[in-house]
Amino acid sequence: MFNSTEFGHSEVHEKKESFLKNKKLVLVLDLDHTLVHSKEMELTKEMKRHPKYRKPGIQLVDPLKSIYNMWTGPILFVVKLRPFFVEFMEESMKNFEIYFYTAGTRFYGNLILDVLKLEIQRFHGEKMTEKELKQLDHVFSEYRSITRDDKSRFSRDGHVPLDPNLDK
């Protein structure tokens, strides 16, 4: 699961022991078309001129349908979360060590993770404790985002991809 070039041998052993001690299985969730649906669009000319769109950002568009806009550079993504996403994640976080996969870029994956985290925070409003907020930061951290570009992280010796056809 982890290779020794990313972690030291003792860290790999500690992680393994932690999984066994906590009796948590690893759950890898696909972001695209599983937890979220996103559509890529180009920013309009008006949006490109607006200072807000010069830096990457996220905006809640429809709170009832959990629809967000997220943008970076000239690209806008309209993102819709699956119904009952928050309830699903809360149950999953109790029972699994969770990681997220996307066939998109790491940057895209991290923006989507930010959207997911915002949705859980919005669902709970001001009621979240500091401990719960730290747990969210941990679950939705960049470390938990896996992309196709990360294939070397999951190779047998740190240099040879598990599946040489990934580049094709």
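Derivation of every value follows stated rules applied to the coordinates shown; laboratory data play no part. No experiment lies behind these values; they were computed from the predicted model shown. Cβ coordinates were reconstructed from backbone atoms using ideal geometry, including for glycine residues, and neighbour counts include every protein chain displayed.
Give the Rg/Rh ratio for region 9-154, taking Rg as the radius of gyration of the Cα atoms and Rh as the Kirkwood radius, to two decimals.
Rg/Rh: 1.00.
Take the Cβ-Cβ distance between MET128 and LYS48 as r, set R0 to 41 Å, and report the resulting FRET efficiency rounded to the nearest 0.05.
Computed FRET efficiency for MET128 and LYS48 comes out at 0.70.
Find, among the chymotrypsin sites (Phe, Trp or Tyr not before Pro) in region 11-101, those assigned to loop by DSSP (not H, G, I, E, B) with at most 14 other beta-carbon atoms within 10 angstrom.
Filter output for region 11-101: PHE84.
By counting other Cβ atoms within 10 Å of each Cβ, how are SER145, SER18 ranked from fewest to most?
SER18, SER145
Of the trypsin sites (Lys or Arg not before Pro) in region 33-88, which ones lie in a loop per DSSP and count no more than 10 other C-beta atoms within 10 Å?
LYS65
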